[in-house]
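A.B. asks: This is the structure, below, for whatever I ask next.
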Amino acid sequence: MRIAVLNKDFCKPDKCSPFGEKPCIKYCPRVRTGDKTIVLSPDEKYVIITESLCSGEGICIKKCPFNAITIVNLPDPLENQFTYRYGQDQFSLFRMAIPKKGKVLGLIGQNGIGKSTLLKLLSNELTINFGRFGDETPDWREIIEYFKGSELHQYFIDLKEEKTKIIHKPQNITMIPKFISGKVYDLLNKNDIGDQLDQISEKLNVTEILDREIKVLSGGELQRVAIAAGYLKDGDIYLIDEPSSYLDVSERINMAKLIRALAERNKTVIVVEHDLAILDYLSDYVSILYGQPGVYGIVSHPQGVRVGINIYLNGYIKDENVRFRDIPIIFHERPPLESLFDSGEVVFSYEDIETSLGDFHLTGSGSEIHAGEIIGILGPNGIGKTTFINSIADVINTESKESDENIEGKEEYDSQKLKVVIKSQYIKIEDEGFVFDLIKHIKLAPHLSQSYKKRLINNLKLENIRERNFSELSGGELQRVAIAKCLSEEADIYLLDEPSAFLDVEMRLQVAQLLRKSIEELKKSSFVVEHDIITQDFIADSILVFEGIPGLEGKATPPQNLRDGFNSFLKIMEITFRRDPTTKRPRVNKLGSNKDIYQKKINEYYYIPK
């Protein structure tokens, strides 16, 4: 099966009319124009032309100068495995995931690949249609018969007869205050079927916010409240979409423990999660979703959690003979020797830091950062990480200003001052304009090499959204733009606050690789605040750990080498990691397992060195 996908961000209505009745007729004479089945994809980013309209010979790509058309070949064997299609020539999902009682199924895949669609099918928000519409739409009898002999057979019988209570924790928890008002306690108490409110509030650290209005909660607080409310409802099937968003490491582990507890109570649990360490910790098995985002998605056969995540990183599913990534992703087991600052060049040194923000007090030990070094910052929410990097920026700006006042010659000043650029936690693009303006700015930057510019634009997939206005971007798209703006600026120190937020697994690892290569190539320095342990492990050369009491006081220790820093942080969190022998990725040990007990005994929380 072959389709032509027209990206509307590239199409120029004044040159051709891909959204009218004569799509690209000026440039593509091989596309018939009388067919009315040309439609927008569900996210309205694509126009999809079916095989009946497209010869697939590449003429569109050669004739249309705007990179508007991509020819996508769908795997032929899957033509009879449609699960759901939104409309004629719209997004299609192939196959189904297989949930099991007493087990946690993890779903991995890019954004726009069908994970949320899959959850809607499992919750009966959408009904399976096998890609058919109108009079041909299947009824419940046909759906149940189709899954006869599989574990999904009884699942859909119970779904039809409404014998199961389904709890669906949505992806976008920031919408909750628009539909629910009142205090946190009232919401949780209303859902407290088993009289567990006090116990769950303590486990998820929501006790102190029970008297707050829902409308004033932060993202992390909303996430914990949403998870608590879902748990207290006591359902049969739990569909949980991105539960770690906005949470720090300790909160993610607490959330994962609670989800594991659901499986131990013989509940059916399906989780979409982009933090691979957390997904590994809470899942019993996984399904990979691959395909073309916005066009089609395929659900892989179930895999064991370790094997499944390794397959995802490798990009090749052996039992299906499908490769969906060209280059495997491999982690380093220890900091690479070539980036350990052989020159010893110090870019910036700072004295002890002490500052207050309302009732919160922050102290930090002085240290230094070297050319090519990335210092990763770890610590719970509300402990002063953002305040710390803002203080670093203030120190640099103050020193540069004082240097400017003491130096008469502008030329001499430029050679001595330091410049800092910040990618903030909460992203807000002040400038009006389009993504192509940013792309143009990057391409014309005289201080960047051509290879650097190409890597920045390609790795962050800016060309895919080049015609979009900044105000129209989603959270993940905005994050990519903010990272590109930061790394394209000329600076000595780059401060990035939670660069993986809102990004899917694929893009998180792309960003991690990009940061790593960028800082090494520029020979500059960076501080990176990040809650995703795997992303931080991939990025950082050194680790700066925060301790204290969230909301009251925080203390920043001096940077330590990668292993000692992680060891110190994980000891505070009371969790241990090990290394996967194949990909070298960090894996969380199950609490109380033999490896967990042994590593705590020998005081090696990060991994056991060879």
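The values are calculated or read from the model by the stated rules, or taken from the named source; none is laboratory data. Please read all numbers here as calculations on a predicted model, not as lab measurements. For neighbour counting, all protein chains shown are included, and Cβ atoms are generated from backbone atoms with ideal geometry for every residue, glycine included. Accessible surface areas use protein heavy atoms only, side chains included; no ligands, DNA or RNA. Shrake-Rupley method; radii C 1.70, N 1.55, O 1.52, S 1.80 Å.
A.B. asks: Based on what the data block shows, is LYS190 under 24 Å from GLU221 (Cα atoms), open to solvent by 60 Å² or more (accessible area, probe 1.4 Å), among the basic types (Lys, Arg) and at pLDDT below 90?
C.D. replies: Values: under 24 Å from GLU221 (Cα atoms): yes; open to solvent by 60 Å² or more (accessible area, probe 1.4 Å): yes; among the basic types (Lys, Arg): yes; at pLDDT below 90: no.
Criteria not met by LYS190.
A.B. asks: Any idea which of TYR185, TYR246, TYR281 is in a loop (DSSP other than H, G, I, E, B) and either open to solvent by 10 Å² or more (accessible area, probe 1.4 Å) or closer than 26 Å to ALA501 by Cα (or both)?
C.D. replies: Values: TYR185 fails: in a loop (DSSP other than H, G, I, E, B); TYR281 fails: in a loop (DSSP other than H, G, I, E, B).
Selected residue: TYR246, the only one of TYR185, TYR246, TYR281 that is in a loop (DSSP other than H, G, I, E, B) and either open to solvent by 10 Å² or more (accessible area, probe 1.4 Å) or closer than 26 Å to ALA501 by Cα (or both).
A.B. asks: Filter segment 249-278 down to the residues that are crowded, with 20+ Cβ neighbours inside 10 Å and among the basic types (Lys, Arg) and list them by number.
C.D. replies: Going through segment 249-278, the residues crowded, with 20+ Cβ neighbours inside 10 Å turn out to be 249, 251-253, 255-256, 259, 262-263, 267-278.
If the condition is that a residue be crowded, with 20+ Cβ neighbours inside 10 Å and among the basic types (Lys, Arg), then ARG252, LYS267 are the ones that fit.
A.B. asks: Between LEU197, LEU210, which is hydrophobic (A, V, I, L, M, F, W, C), at pLDDT 90 or above and open to solvent by less than 20 Å² (accessible area, probe 1.4 Å)?
C.D. replies: LEU197
A.B. asks: Which fully enclosed strands (runs of 3 or more DSSP E) of segment 495-607 have 2 or more residues being buried (at least 21 other Cβ atoms within 10 Å of the Cβ)? Reasoning before the result, please.
C.D. replies: Values: elements: 525-529, 542-549, 553-556, 577-579, 586-588.
The qualifying strands (runs of 3 or more DSSP E) are 525-529, 542-549, 553-556, 586-588.
A.B. asks: So in segment 470-494, with the set limited to residues that are assigned to a loop (DSSP other than H, G, I, E, B) and within 24 Å of GLY219 (Cβ to Cβ), which one is least open to solvent (accessible area, probe 1.4 Å)? Steps first, please.
C.D. replies: Here is the first cut: in segment 470-494, the residues assigned to a loop (DSSP other than H, G, I, E, B) are 473-474, 489-492.
This time we only want the ones that are within 24 Å of GLY219 (Cβ to Cβ), so: 473-474.
Numbers: LEU473: 22, SER474: 56 Å².
Here the residue is LEU473.
A.B. asks: Scan segment 121-145 residue by residue and report those that are surrounded by fewer than 17 Cβ atoms within 10 Å (Cβ to Cβ) and not in a loop (DSSP other than H, G, I, E, B).
C.D. replies: Matches in segment 121-145: GLY134, ASP135, GLU136, TRP140, ARG141, GLU142, GLU145.
A.B. asks: Tell me, which residue of segment 486-527 that is β-branched (Val, Ile, Thr) and closer than 21 Å to ASN458 by Cβ is modelled with the lowest pLDDT?
C.D. replies: Filtering segment 486-527 for residues that are β-branched (Val, Ile, Thr) and closer than 21 Å to ASN458 by Cβ, the one modelled with the lowest pLDDT comes out as VAL505.
A.B. asks: Given the structure, is ASN129 more than 29 Å from ARG260 (Cβ to Cβ) and either in contact with a Ser or Thr (Cβ under 7 Å, 6 or more places away or on another chain) or at pLDDT below 90 (or both)? First the steps, then the outcome.
C.D. replies: Values: more than 29 Å from ARG260 (Cβ to Cβ): yes; either in contact with a Ser or Thr (Cβ under 7 Å, 6 or more places away or on another chain) or at pLDDT below 90 (or both): yes.
Here the answer is yes, as ASN129 does meet what is asked.
A.B. asks: Something else now. Look at LYS178 and say whether it is closer than 13 Å to LEU222 by Cα and open to solvent by 90 Å² or more (accessible area, probe 1.4 Å).
C.D. replies: Numbers: closer than 13 Å to LEU222 by Cα: yes; open to solvent by 90 Å² or more (accessible area, probe 1.4 Å): yes.
For LYS178, the condition - closer than 13 Å to LEU222 by Cα and open to solvent by 90 Å² or more (accessible area, probe 1.4 Å) - is met.
A.B. asks: OK, next. Within segment 305-323, identify whether any single residue is within 30 Å of LYS523 (Cα to Cα), open to solvent by 20 Å² or more (accessible area, probe 1.4 Å) and not in a strand (DSSP E or B), and answer yes or no.
C.D. replies: yes
A.B. asks: Here's something else I'd like to know. Run down GLU432, GLU412, GLU467, GLU408 and say which single residue is open to solvent by less than 80 Å² (accessible area, probe 1.4 Å), of a type in the set (Asp, Glu), modelled with pLDDT under 90 and over 26 Å from GLU530 (Cβ atoms). Quick ask: steps written out before the conclusion?
C.D. replies: Values: GLU432 fails: open to solvent by less than 80 Å² (accessible area, probe 1.4 Å); GLU412 fails: open to solvent by less than 80 Å² (accessible area, probe 1.4 Å); GLU408 fails: open to solvent by less than 80 Å² (accessible area, probe 1.4 Å).
Of GLU432, GLU412, GLU467, GLU408, the one residue that is open to solvent by less than 80 Å² (accessible area, probe 1.4 Å), of a type in the set (Asp, Glu), modelled with pLDDT under 90 and over 26 Å from GLU530 (Cβ atoms) is GLU467.
A.B. asks: Mind counting the residues in segment 273-309 that are under 18 Å from the mean Cα position of the chain (by Cα) and of a type in the set (Val, Ile, Thr)?
C.D. replies: 4
A.B. asks: I've got another one for you. Could you please find all residues in segment 98-117 being within 13 Å of TYR290 (Cα to Cα) and not β-branched (Val, Ile, Thr)? Please lay out each step first, then the result.
C.D. replies: Pass one, segment 98-117, residues within 13 Å of TYR290 (Cα to Cα): 107-115.
Across segment 98-117, the qualifying residues are LEU107, GLY109, GLN110, ASN111, GLY112, GLY114, LYS115.
A.B. asks: Here's another thing I want to ask about it. State whether one or more residues within segment 249-256 are part of a loop (DSSP other than H, G, I, E, B), polar (S, T, N, Q) and within 24 Å of PRO499 (Cα to Cα).
C.D. replies: Within segment 249-256, the subset part of a loop (DSSP other than H, G, I, E, B) is none.
Among the residues of segment 249-256, not one is part of a loop (DSSP other than H, G, I, E, B), polar (S, T, N, Q) and within 24 Å of PRO499 (Cα to Cα), which makes the answer no.
A.B. asks: Ok, one more. Pairs please, first residue from segment 187-209 and of a type in the set (Gly, Ala, Ser), second anywhere and not in a helix (DSSP H, G or I), Cβ atoms under 7 Å, 6+ apart in sequence or on different chains.
C.D. replies: Listed by first residue and then by second, the contacts come to GLY194/ASP234; SER201/LEU210.
A.B. asks: Which of the residues spanning segment 257-277 are more than 19 Å from LEU503 (Cβ to Cβ) and either part of a loop (DSSP other than H, G, I, E, B) or without any contact (Cβ under 8 Å) to a residue 12 or more places away in the chain (or both)? Spell out the reasoning first.
C.D. replies: At the first step, the residues of segment 257-277 found to be more than 19 Å from LEU503 (Cβ to Cβ) are 257-270.
Within segment 257-277, ALA261, ARG265, ASN266, LYS267 meet the criteria.
A.B. asks: Residues being open to solvent by 40 Å² or more (accessible area, probe 1.4 Å) and under 16 Å from LYS555 (Cβ atoms): count how many of those fall in segment 360-379. Walk me through it before giving the result.
C.D. replies: As a first pass, look at segment 360-379 and keep what is open to solvent by 40 Å² or more (accessible area, probe 1.4 Å): 361, 363, 368.
Keeping just the survivors that are under 16 Å from LYS555 (Cβ atoms) gives 361, 363.
Counting residues in segment 360-379 that are open to solvent by 40 Å² or more (accessible area, probe 1.4 Å) and under 16 Å from LYS555 (Cβ atoms) gives 2.
A.B. asks: Now for a separate question. Within segment 167-186, count every residue that is under 13 Å from ALA229 (Cα atoms) and either without any contact (Cβ under 8 Å) to a residue 12 or more places away in the chain or out of contact with any Asp or Glu (no Cβ under 7 Å at 6 or more places or on another chain) (or both).
C.D. replies: Qualifying residue count for the region: 7.
A.B. asks: Moving on to the next point. Looking at THR164, THR117 in this structure, which one is assigned to a helix (DSSP H, G or I), in contact with a strand residue (DSSP E or B) (Cβ under 6 Å, 6 or more places away or on another chain) and of a type outside the set (Gly, Ala, Ser)? Give the steps one after another, and end with the answer.
C.D. replies: Numbers: THR164 fails: assigned to a helix (DSSP H, G or I).
Step by step, each of THR164, THR117 is checked, and only THR117 is assigned to a helix (DSSP H, G or I), in contact with a strand residue (DSSP E or B) (Cβ under 6 Å, 6 or more places away or on another chain) and of a type outside the set (Gly, Ala, Ser).
A.B. asks: So how many residues does segment 146-161 have that are closer than 15 Å to PHE130 by Cβ, open to solvent by 30 Å² or more (accessible area, probe 1.4 Å) and not in a loop (DSSP other than H, G, I, E, B)?
C.D. replies: Final tally of qualifying residues: 1.
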